[in-house]
Amino acid sequence: MTEFHHVSVLLDECIEALNIKPDGIYVDGTLGGAGHSFQIAKRLTTGRLIGIDRDNKALAAAAERLAPYGDRVTLVHNNFSQLDQVLDDLGIEGVDGILLDLGVSSPQLDEAERGFSYMADAPLDMRMNDEDSLTAHDVVNTWPKEELRRILYEYGEERYAPQIASAIERRRAEKPIETTLELVDVIRSAMPPQALREKQHPAKRSFQAIRIAVNDELGAVGRVMEAAVPKLNRGGRLAIITFHSLEDRIVKNGMAAAAKGCTCPPEFPVCVCGKKPKVKLISKKPIVSGDEELERNPRARSAKLRVCEKL
């Protein structure tokens, strides 16, 4: 089998949240290792599963894993943010469930040559789709210092963003920063001693920020929040797992806005906008992993699952 082993997070909770009907149509917009998709597909009879991923390696592995259910599965190479376009191209007007797991898959983190990890030396890449043109090398070596500072602060919540951006600018003026460990060295050089003594790896936040920028992750989440709800059939569920506060905020606010409907100012005595709620929230608070799952998979610690249902 193609090497792409990924531990699915909140697996049972996701399957329960989707409320799967055997004849329904479901979308797994972040196919990955097909752990979630396998459980969806095996519950279908006359239904259909659409699996989307921007990573060709993930698609190849998923095709093998889902082979027993090949008659009910359609795999598509695309970005989940294009979900509405994918469904239009397939002639599908509405679906009964959409699942998105927004975490970086374990194989992407663990394959050193892909440049996601700050623990192994590799070319600066970080592309989830190897057909995309923008790489981490481009971001680190060509983006203006102020833009680097912004993404490090906003996407990585890195308090030493100004110092790190300045250090990157100084180093690349001498020669391009080519590899992950070169970048780690630059980041370390910009941080005070007390920051280097923290439990968390000093480059973790910066690598997260650059990865988000390379793959336009927050833009993709914003676009899919607008695209997903209109594509759900009545009673269809949208289930999204996030792994950091920036994505979770977009998902939480997007679902809350769809559940609220009316956008009139609070001081208006009656609604004049006429907007009705499109969804109901299945759980007010996010669903998180239990102790047993955390024991098996520490990466699940920051996972949050939010679910809504189309009215």
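Residues that are modelled with pLDDT of 95 or more and in contact with a strand residue (DSSP E or B) (Cβ under 6 Å, 6 or more places away or on another chain) do not occur anywhere in segment 134-155. When Leu100 is tested against (1) over 17 Å from the mean Cα position of the chain (by Cα); (2) closer than 30 Å to Leu311 by Cβ, exactly one condition is not met: (1).
Of all residues in segment 254-266, those being of a type in the set (S, T, N, Q) and open to solvent by less than 30 Å² (accessible area, probe 1.4 Å) number 0. Listed by first and then second residue, the pairs linking a residue in segment 276-291 that is β-branched (Val, Ile, Thr) to a residue that is open to solvent by 80 Å² or more (accessible area, probe 1.4 Å) and at pLDDT below 90, with Cβ atoms under 9 Å apart and 6 or more places separating them unless they lie on different chains, are Val288/Arg301.
So which residues in segment 45-66 are touching a residue at least 60 places away in the same chain (Cβ under 8 Å), in a helix (DSSP H, G or I) and closer than 24 Å to Val214 by Cα, if there are any at all? Answer for segment 45-66, where residues must be touching a residue at least 60 places away in the same chain (Cβ under 8 Å), in a helix (DSSP H, G or I) and closer than 24 Å to Val214 by Cα: Asn56, Ala61. Residues in segment 139-150 that are closer than 19 Å to Glu182 by Cα, in a helix (DSSP H, G or I) and open to solvent by 50 Å² or more (accessible area, probe 1.4 Å): Thr142, Lys145, Arg149. Residue selection: Arg170 satisfies the criterion of being basic (Lys, Arg), over 30 Å from Leu49 (Cβ atoms) and modelled with pLDDT of 95 or more.
Scanning segment 85-124 for residues that are part of a helix (DSSP H, G or I), modelled with pLDDT of 95 or more and open to solvent by 30 Å² or more (accessible area, probe 1.4 Å) yields Gln85, Asp88, Asp89. Annotation for segment 267-283: no member residue is more than 24 Å from Ser8 (Cβ to Cβ), open to solvent by less than 30 Å² (accessible area, probe 1.4 Å), not in a helix (DSSP H, G or I) and not aliphatic (A, V, I, L, M). Restricting the first member to segment 179-195 and to residues that are surrounded by fewer than 16 Cβ atoms within 10 Å (Cβ to Cβ), and the second to residues that are assigned to a helix (DSSP H, G or I), the beta-carbon pairs closer than 7 Å and six or more apart or on different chains are Arg188/Leu196; Ser189/Ala167.
Among residues of segment 4-38 being assigned to a helix (DSSP H, G or I) and open to solvent by less than 40 Å² (accessible area, probe 1.4 Å), the one that is nearest to Ile282 (Cα to Cα) is Ala17.
Restricting attention to segment 284-311, the residues that are charged (D, E, K, R) and open to solvent by 90 Å² or more (accessible area, probe 1.4 Å) total 8. Of the residues making up segment 211-253, those that are open to solvent by less than 40 Å² (accessible area, probe 1.4 Å), farther than 15 Å from Asp101 by Cα and touching a Gly at 6+ places or on another chain (Cβ under 7 Å) number 3.
The values are calculated or read from the model by the stated rules, or taken from the named source; none is laboratory data. Note that the structure is predicted; figures quoted are calculated from it, not measured. Please note: Cβ atoms are built from the backbone with ideal geometry, for glycine as well, and neighbour counts cover all protein chains shown. These area figures cover heavy atoms from the full protein model, side chains too; ligands, DNA and RNA do not enter into them. Shrake-Rupley method; radii C 1.70, N 1.55, O 1.52, S 1.80 Å.
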